[in-house]
Amino acid sequence: MAINFPGTPGNGSQHTASGITWTYDGTTWKADGITSSYTLPTASSTVLGGVKVGSGLSINTSVLSMTGVQYTDTTALNAVSTSTHHGLFALLNSDGHGYFARGGTVNVAVTVGVDNVNGQATGVFYFGGVEKPAFYPINRGVTFIFDQSDSTNATYNSQAHPLMFSTGSDGDHNGHGHYMTGVQYKLDGVNKTMAEYVSGFAAATTRTAEFTVAANAPDTLYYWCHSHTGQGNSIQVNQGPWVQLLDKSSSIGELRNVDTTAPSNGQVLKWVSASNHWAPANESGGSSYDNAAVDAHINLSSANVNEVLSWNGSDYDWVANSGGGGSSLTVQDEGSALSVDATTLNFVGAGVVASGSGAVKTITIGAAATAPPTISWTLTAPNSSAYVISGDGFPTGQSDPDLYLIRGQTYNFVNNAGSHPFRIQTDGPTINGGTQYNSGVTNQDAGNGVTLTFVVPMDAPDTLYYQCTAHTNMFGTIKVLTQGGSGTTPSRVSTSATTNSIADGVADTITINAYKTYSLLKVQTSAAAWVVLYTDQASRTADSGRNETTDPLPGSGVIAEVITSAAQTQIITPGTIGWNNEASPIATVYAKVVNKSGSTAAITVTITTVQIEG
């Protein structure tokens with residue numbers, strides 16, 4: 001409610017408005033019955049009150065207006081405290097640009113994190129989540145609070161990382177010392193010296209480096225870690241708290257990271273990574289000719305028929321075509337003319353070699369060298385009963401398959417079988433593995449995640465074996481062949497197996513690795529025994545009740561049987577043909593062994609065979 005009091009009241013004058021009588025006491029008007037003065041509160045976002053009219057503001061007929069803030073030059077502009085006009089805009093008469101007042105304080109959240117550029121273990125500083133920013137902008141006359149309260153500053157890589165300032169990169173680490181003008185360190189809100197800030201850094205809860213930028217601060221400063229090199233970067237110190245706004249009258253040189261000092265005609269701006277700014281430089285890529293210049297250099301007016309363009313040492317000129325000293329060359333496709341005349345001949349193939357350092361080139365076409373392929377197999381093991389082998393030549397994984405290797409070629413066995421070391425050996429399944437075959441083998445007894453490489457020697461035996469050194473059931477046969485060796489005569493091979501420890505007169509069954517089809521030459525026992533060899537397991541089971549004085553029936557699946565009175569070798573004359581008669585034939589001989597030594601013993605049976613079928 002507005003009340004229009006008389007302009008020159010006397011002491012005791014009265015004035016009535018809206019039914020209320022007011023009396024003037026010589027100093028102020030008071031409503032009748034009120035003895036105290038009323039003070040108008042200051043206006044705010046929640047309180048109705050009075051407004052003080054300041055510089056650039058006026059009130060006219062209940063209208064608040066702003067006439068603007070203008071300064072004649074930058075000296076006058078920067079002389080004004082930003083606390084007076086903080087958050088306002090100003091017009092600088094000397095350049096016609098607008099400016100924004102950035103006063104008070106600026107909080108910068110400092111953390112330490114992963115170095116994604118150089119990968120150093122101690123990490124790097126992050127300002128406001130930005131990794132190790134270059135030319136971080138600050139303003140003279142403004143206080144920047146670099147807040148290191150985040151735990152990464154005290155614990156990253158189990159080390160502390162106090163933030164420091166300097167006039168050179170990495171400060172003390174490179175002999176540049178500390179920049180301390182306007183810098184105040186605080187721990188838990190208490191002022192500290194730089195040394196106290198460092199010594200008490202890790203134990204404090206809040207850690208700040210408060211930097212009030214002096215008017216005479218250098219244009220470039222550096223932030224760095226007191227404990228480690230390479231964690232910080234550069235600081236760009238801008239003119240003052242008044243920040244220039246870009247408008248359509250601004251030039252490109254007013255951008256902070258663009259240097260337009262003394263450019264020459266025709267130069268372009270190029271990025272200089274060392275100083276993190278754009279600078280004038282000559283355009284690379286060589287000079288160019290316009291159409292008129294090309295015509296002038298080619299001298300089209302002087303060209304005649306059948307002349308060619310040739311370089312004379314200083315320019316191009318037209319000269320007679322010498323023809324290369326011979327007749328012209330016609331290129332055809334196996335005697336037929338090409339649909340388009342050829343201008344370039346490409347010779348393709350591993351055996352094509354171009355030689356000659358001068359203008360004359362010699363094309364030599366020879367036989368291409370063909371390297372033998374490297375075969376790779378992957379080993380897995382769902383249990384301890386067999387290796388499952390997959391890869392080249394195995395569309396699906398096979399359990400302990402026979403492997404056929406070529407002499408002179410390379411084979412990789414990638415062991416992904418877990419705790420099943422892979423060995424190549426010369427003998428049959430043996431507890432803890434048999435005798436290593438090491439010629440050409442790299443990473444013998446390969447463990448999980450290791451690749452055994454086997455470059456098969458030219459003198460490798462015809463038969464080798466692979467086995468898990470921890471499990472005798474994980475075992476297979478390696479057949480070694482010669483490239484194109486259809487005429488190679490197989491060599492005789494001795495293989496063996498051992499029974500469990502059995503009492504005298506007790507039978508046990510064993511399996512001996514050999515071939516699918518073979519010629520049997522010898523049977524050897526380590527003690528007195530009755531040994532019977534069979535074509536398949538079913539025949540062995542069916543024959544289990546026959547005694548040694550009874551001959552087997554024809555077609556019963558018995559290949560041969562021998563009775564020895566001690567550790568003996570029985571020669572089979574003539575040699576007997578044996579084979580595996582399972583539904584899917586495998587390189588296995590089934591045997592029954594009866595102990596006749598007179599005491600408990602483990603009997604080893606060795607057979608000598610010649611391969612007929614793998």
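Quick notes on this one:
- Consider the stretch 360-419 and keep the residues that are among the polar types (S, T, N, Q) and touching a Leu at 6+ places or on another chain (Cβ under 7 Å). The one that is surrounded by the fewest Cβ atoms within 10 Å (Cβ to Cβ) is N416.
- Subset tally (residues that are in a loop (DSSP other than H, G, I, E, B), of a type outside the set (V, I, T) and either touching a residue at least 24 places away in the same chain (Cβ under 8 Å) or in contact with a Leu (Cβ under 6 Å, 6 or more places away or on another chain) (or both)) for the stretch 116-143: 10
- Condition check for G428 on (1) crowded, with 20+ Cβ neighbours inside 10 Å; (2) under 36 Å from the mean Cα position of the chain (by Cα): one failure, at (2).
- Residue within the stretch 553-570 that is under 25 Å from N473 (Cβ atoms), touching a residue at least 40 places away in the same chain (Cβ under 8 Å) and surrounded by fewer than 18 Cβ atoms within 10 Å (Cβ to Cβ) present: no
- Residues that are surrounded by fewer than 17 Cβ atoms within 10 Å (Cβ to Cβ) and within 22 Å of T608 (Cα to Cα), drawn from the stretch 497-506: N500
- With respect to the conditions (1) within 20 Å of T588 (Cα to Cα); (2) of a type outside the set (S, T, Y); (3) touching a residue at least 24 places away in the same chain (Cβ under 8 Å); (4) not assigned by TED's automatic domain parsing to the domain that holds Q425, A538 falls short on a single one, namely (3).
- When G189, G182 are checked against the criterion of being in contact with a strand residue (DSSP E or B) (Cβ under 9 Å, 6 or more places away or on another chain) and closer than 18 Å to V213 by Cβ, a single residue qualifies: G182.
- Residue count for the stretch 573-603, restricted to those that are over 56 Å from the mean Cα position of the chain (by Cα) and surrounded by 18 or more Cβ atoms within 10 Å (Cβ to Cβ): 10
The values are calculated or read from the model by the stated rules, or taken from the named source; none is laboratory data. Quick caveat: nothing in here was measured; it's all calculated off a predicted structure. For neighbour counting, all protein chains shown are included, and Cβ atoms are generated from backbone atoms with ideal geometry for every residue, glycine included.
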